[in-house]
Amino acid sequence: MPKPLQDLCEDTCNGTSNIDLLKDQLISEQTVTGLAEVFKALGDPTRLKIIHTLLNRELCVHDIVQVLDMGQSAISHQLRYLRNLRIVKRRKVGKTVYYSLDDEHIEQIFLQMLQHMKHN
């Protein structure tokens, strides 16, 4: 499919930047793959609901199940996925497992995107 006219360089365009410098500044494949995994995780509505639920407080699995009105195995599966990506962390007290956001970066990303969605 051809590009729209406004996205094409003119025939006389020789570029505007030092391409070698831009290539040197590219993030590594490992970093970009990790970022893509995090954004993939944030692309799921259930996981976003879990993150929103954990924004202000640590909660046990039972509380998250009740808030989201979903089955425990489905929530546990999503929490494990989020934990593997270091989006949430867990703390065990006896047989009870409590979850919270892993760090403030996750909170900031979520809140920034929420603000972006509400922006008119």
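Within a straight-line Cα-Cα reach of under 24 Å, K23 can be paired with the following lysines, leaving aside sequence neighbours fewer than 8 residues apart in one chain: K3.
Reported value for the chain: 194 Å³ per residue, from the convex hull of its C-alpha atoms. Database remark: amide H of V88 closer than 5 angstrom to the amide H of R83, D102 (H placed geometrically; neighbours at sequence offset of 5 or more, or on other chains; Pro and chain starts carry no H). Taking each residue as 0.36 nm, the span from D69 to T12 lengthens on full extension beyond its C-alpha to C-alpha distance by 14.5 nm. Projecting the Cα atoms of S76, I51, V93 onto the charge dipole of the chain (Cβ charges, centred on the Cα centre) puts V93 farthest toward the positive pole. Return, ordered by residue number, the residues of segment 37-71 whose backbone nitrogen is under 17 Å from a label point located 7 Å along Cα→Cβ of R80. Taking a point 7 Å out along Cα→Cβ of R80, the residues of segment 37-71 whose backbone N falls under 17 Å are 47, 61-62, 65, 71. Amide H contacts for Y98 (H built 1.01 Å from N in the peptide plane; partners 5 or more residues away or on another chain; cut-off under 5 Å): R91, K92, V93.
Rg/Rh, computed from the Cα trace of segment 34-81 with Rh as the Kirkwood radius, has the value 0.97.
Where a number appears in this text, it was derived from the coordinates with a stated rule and is not lab data. Quick caveat: nothing in here was measured; it's all calculated off a predicted structure. Glycine also receives a Cβ, built like all others from the backbone with ideal geometry; neighbour counts cover every protein chain displayed.
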